[in-house]
Structure formats: C-alpha cells, structure tokens
Amino acid sequence: MAGKFELKTAKNGQFHFNLLAKNGQVILQSEMYESKASAKNGISSIQENAADDSRYVRMTSKSGKPYFVLKAANHQVIGQSEQYESEAGRDSGIESVKKNAPDATIVDLI
C-alpha cells in the first residue's frame, strides 16, 4: 500500500496538503494554495516529479539540520520535508517520497 495525501483547509481559509507514508508519518508538506483545485494540481505535480532525483534539492537549515525540497520542472518548490537529525535521515525521507507519492491516494479532509 502506498502513502496518502491529506488535503486540508488552513485557519486562514487557504488549502494545503501533507504526504504521509504508509505508517502515517508526514514526509512532505505543501505550500498554501488559494483554491482547492490549485492544491490538487500541486498533488499531481508531486506525483509526476517524485521519481526524478534531480528534482530534489538537499539543504541544511540555519540550525544545521538537513532537509529537502521537491521542485517541479519549472523550478518552483512544490513540497518541503521536515528537518532531520542526519543526512542519512534526509536521504531516507527522499526515498520515502519517491516510493509513496506516485500512487498515493488523496484523502479530502475539507
């Protein structure tokens, strides 16, 4: 079983989603979107780009913790990970997105 996208409404009325691994852990968070349709397009973009390693940018936070962002073909950030304790953890997170995103179901919590 693949992971799932949980589509939600924020307190400010905008839309966002999280990609969860099959164990329920959040492995990728979206930006905020003005419309539900735009958020669904963001999910589609993640599903299309997740398998391509060149779309991942491996980064380090100001506090020294590794994390990653996933970018679309137009170089726009379409998802961001949590901060990890190690580069190995970050790299495992990337592999989890690659594995879970392409076939993930969408759970509409709106």
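What the table shows:
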read-out: Cross-link partners of Lys22 among aspartates and glutamates (Cα-Cα below 14 Å; sequence separation of 8 or more within a chain); value: Glu6, Glu95, Asp103
read-out: Full-stretch length increase - Met59, Thr9 - with 0.36 nm per residue and alpha-carbon distance subtracted; value: 15.2 nm
read-out: Within the chain: Cβ-based charge dipole about Cα centre, in debye rounded to nearest 20 (Lys, Arg +1; Asp, Glu -1); value: 180 debye
read-out: Helix 87-100 axis, angle to the chain major axis (alpha carbon atoms, nearest 10°); value: 40 degrees
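Every read-out reported here was derived from the displayed coordinates using simple, explicitly stated rules and does not represent laboratory data. As the structure is a computational prediction, the values presented were derived from the model and not from experiment. Here the Cβ is made from the backbone with ideal geometry for all residues, glycine too, and neighbour counts use every protein chain on show.
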